[in-house]
1. Among all the lysines, which ones have a C-alpha under 16 Å from K332's C-alpha, if same-chain residues fewer than 8 places away are not counted?
2. Quick check on the chain: helices-only [θ] at 222 nm, where DSSP H runs of length 4 and up contribute -39,500 (n - 2.57) each and the sum goes over total residues. Nearest 500, please.
3. Take each of the peptides 296-309, 208-221, average the number of other beta-carbon atoms within 10 Å over its residues, and list them starting from the highest.
4. Would you kindly work out the equivalent ellipsoid of the range 75-130 from its C-alpha gyration tensor and give its semi-axes, the square roots of five times the eigenvalues, largest first in whole Å?
5. In debye, nearest 20, what is the charge dipole magnitude of the range 193-233 about its Cα centre with +1 on Lys and Arg Cβ and -1 on Asp and Glu Cβ, if you could check?
6. Applying 1/(1 + (r/R0)^6) with R0 = 41 Å to the Cβ-Cβ distance of K329 and N121, what FRET efficiency is obtained, to the nearest 0.05?
7. Of the trypsin sites (Lys or Arg not before Pro) in the range 1-68, which ones lie in a loop per DSSP and count no more than 14 other C-beta atoms within 10 Å?
8. Once you put a point 7 Å from the Cα of N229 and another 7 Å from the Cα of A138, both along the Cβ direction, what distance in nm separates them?
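Computed from the coordinates by the stated procedures, all read-outs in this text should not be read as laboratory data. Quick caveat, the model's predicted, so the values are computed rather than measured. No Cβ is skipped: glycine too gets one built from the backbone with ideal geometry, and neighbour counts run over all protein chains shown.
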Amino acid sequence: MQYKVGMYGGSFDPLHIGHIDVIIKAASQCEKLYVVLSYSRERDIIPMEYRYRWIRNSFRHMDNIEIILLEDNATSKSDYDTDDYWEKGRDYVLSQIGANVDVVFCGSDYIGTNRYESLYNCKVVYFDRAIIPVSSNAIRSNPFENWEYIPKICRPYYAKKILFVGGESTGKSTIAKNLALAYNTNFLEEVGREVCDYAGAEDLMTVSDFHEILLKHKTKEMELIKQSNKLFFVDTDALTTKFFAQFLLDGEKKNAEHLADAITQINTFDLIFFLEPTVAFVQDGTRNIKIEADREKYSNQIKELFDDAGLEYICLSGDYLNRYEEVKKIIKEKYGL
């Protein structure tokens, strides 16, 4: 190795491909590379915990990399240049390393500042930031325009979750599947159908079946969003499951309601579309004939659950084409996609 102890620091807010390229090159030249993650609860956009795990899990295969967490309470980057924050940070870093630093790696924007030369009294290697033309600020301003520079491990943080809800046979699954195809991403299919099929029929379902639906749906959502391409479409949610628990269960429905409410509290969606019962009801042998007979009534009951939870939604009516085009129009307006 060319150097024994190296250091590379930054806020990594967020981590991007440029950072990763520098870390790989720097670690390849050092027996030990310390990546210093600077953070401040006062000014950071992305919580430190996310940034730490992004770096840690990106470089698990390189055992000569170690992360040092460096906290300060400066409210802005300009404030950091006062009150000897740089000197305090250096002293803390050296105390954590327990040895002198042989080389500091940094971006070419520091050329001429003599910043690291004076702080660490060692060699400084500059990497040309123009080689990978991106910055954390550019990603924060418009992540989708800079998607190619966002590491896969960071992308779920920026992916937009779009939920489709409504009564039975209103086309939720169809529109979620079609939009996932159109945007080259994935979708979460409702879990209730497979659980109901295992039970044999809706009227044979127990409270534990609803617990399974709620927990499986949330678990699958957490996994699938990790492979999403900018957008992630979700078919049905915990409140819709709560409606069916109320509709189908008697004495034990409260147990299912409590879990549905708890999951609703931790759910977040960037857009919610409510599908009105304006398309033909398709009776596939699993759908409830009581709901089929009065679709508007039960659709409104689901809406009431969303209203009570304080969740905003956009109603979609018309036929399949109208809905598909309306959703694409809204996505274009909001996200430029």
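1. By straight Cα distance, K332 reaches K160, K161, K230.
2. Working: 15 runs with 152 residues, N = 337.
Taken over the chain, the calculation gives -13500 deg cm²/dmol.
3. On the way: 296-309: 15.7, 208-221: 18.5.
The peptides rank, most packed first, as 208-221, 296-309.
4. Working: eigenvalues 69, 62, 17 Å².
Value: 19, 18, 9 Å, ordered largest first.
5. On the way: 6 positive and 8 negative charges, 86 e Å.
Roughly 420 debye for the range 193-233.
6. Numbers: r = 59 Å, r/R0 = 1.44.
Taking R0 as 41 Å, the efficiency between K329 and N121 is 0.10.
7. Values: sites: K4, K25, K32, R41, R43, R51, R53, R56, R60; in loops: R41, R43, R60.
Here the sparse-neighbourhood loop sites are R41, R60.
8. Rounded to a tenth, the inter-label distance reads 2.2 nm.
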